[in-house]
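The values are calculated or read from the model by the stated rules, or taken from the named source; none is laboratory data. Because the structure is predicted, anything quoted here is derived from the model rather than measured. A quick note on method: Cβ atoms are made from the backbone with ideal geometry, for glycine too, and the neighbour counts reach across all protein chains shown.
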Amino acid sequence: MVLYLDEFRATRSLTRTVRRAQREARWQVTLDTCFERVMRECARPREHQDRTWITEAIVAAYCDLHRIGAAHSVEVWERDRLVGGLYGVSIGRMFYGESMFTRVADASKTALFALVQLLRRHGFRMIDCQQNTRHLASLGAREISRATFLQQVAELIRQPGPDWRASSIELPDA
């Protein structure tokens, strides 16, 4: 399951939420300000789950990737409260989405919306979503063949990656 950035679809509900958040200065979107905290929020079991795949060993490994500049997080804040976010890994011009969370409606979708805009600015073409979910499909993600995926990934990871430290992210225009 991949999301081609030019196929990202912001739903009407998401567009309304983002416009309202902009108008009311309700949310702030940040990049890489609290990576481990985002991971731990993503690791909290969802409703009807006992546990999560994000173990302490995985948190430690991804925090190491973050320290060397390969893993990144997008955070959505409502005042000083973290209400949504996502994290993933970037190699070259390829982004691998790992997990997202939300504590208020559309906060994780807003994080994805902001990430899509950032990645577009840096010449990325797709996000590996990994899981086929209705949620991701509603935003434009779709399955592609393994052969197509491998061919595109091979091309994208050879391209130089952006300087993430010099990147900024903001609430996207809806």
Q) When Arg165 is evaluated against the numbered criteria (1) assigned to a helix (DSSP H, G or I); (2) without any contact (Cβ under 8 Å) to a residue 60 or more places away in the chain; (3) surrounded by fewer than 19 Cβ atoms within 10 Å (Cβ to Cβ), which criterion, by number, is the only one it fails? A) (2)
Q: Check Thr33, Thr15 and return the single one that is part of a loop (DSSP other than H, G, I, E, B), more than 30 Å from Thr148 (Cα to Cα) and not charged (D, E, K, R).
A: Thr33
Q. If you take the residues of region 102-148 that are farther than 12 Å from Leu3 by Cβ, of a type outside the set (Gly, Ala, Ser) and touching a strand residue (DSSP E or B) at 6+ places or on another chain (Cβ under 6 Å), which of them is surrounded by the most Cβ atoms within 10 Å (Cβ to Cβ)?
A. Thr110
Q | Subset of region 71-93 (residues that are buried (at least 16 other Cβ atoms within 10 Å of the Cβ) and either over 19 Å from Val104 (Cα atoms) or touching a His at 6+ places or on another chain (Cβ under 8 Å) (or both)) | A | Ala71, His72, Ser73, Tyr87, Gly88, Val89, Ser90, Gly92, Arg93
Q: With respect to Ala71, determine if the residue is modelled with pLDDT of 90 or more and over 14 Å from the mean Cα position of the chain (by Cα).
A: no
Q: Look through region 18-30, keep the residues that are of a type in the set (S, T, N, Q) and outside any helix (DSSP H, G or I), and return whichever of them is farthest from Ala71 (Cα to Cα).
A: Gln28
Q: Scan region 117-139 for residues that are within 19 Å of Arg93 (Cβ to Cβ) and in a loop (DSSP other than H, G, I, E, B) and jot them down.
A: His122, Gly123, Phe124, Arg125, Cys129, Gln130
Q) Out of all the residues in region 38-57, is one or more in contact with a helix residue (DSSP H, G or I) (Cβ under 6 Å, 6 or more places away or on another chain), surrounded by 19 or more Cβ atoms within 10 Å (Cβ to Cβ), of a type outside the set (Lys, Arg) and outside any loop (DSSP other than H, G, I, E, B)? A) yes
**Q.** Criterion violated by Leu31 - all others in (1) of a type in the set (A, V, I, L, M, F, W, C); (2) within 20 Å of Ser138 (Cβ to Cβ); (3) modelled with pLDDT of 90 or more satisfied
**A.** (2)
Q. Counting only residues that are farther than 12 Å from Cys42 by Cβ and not in a strand (DSSP E or B), how many does region 78-104 have?
A. 5
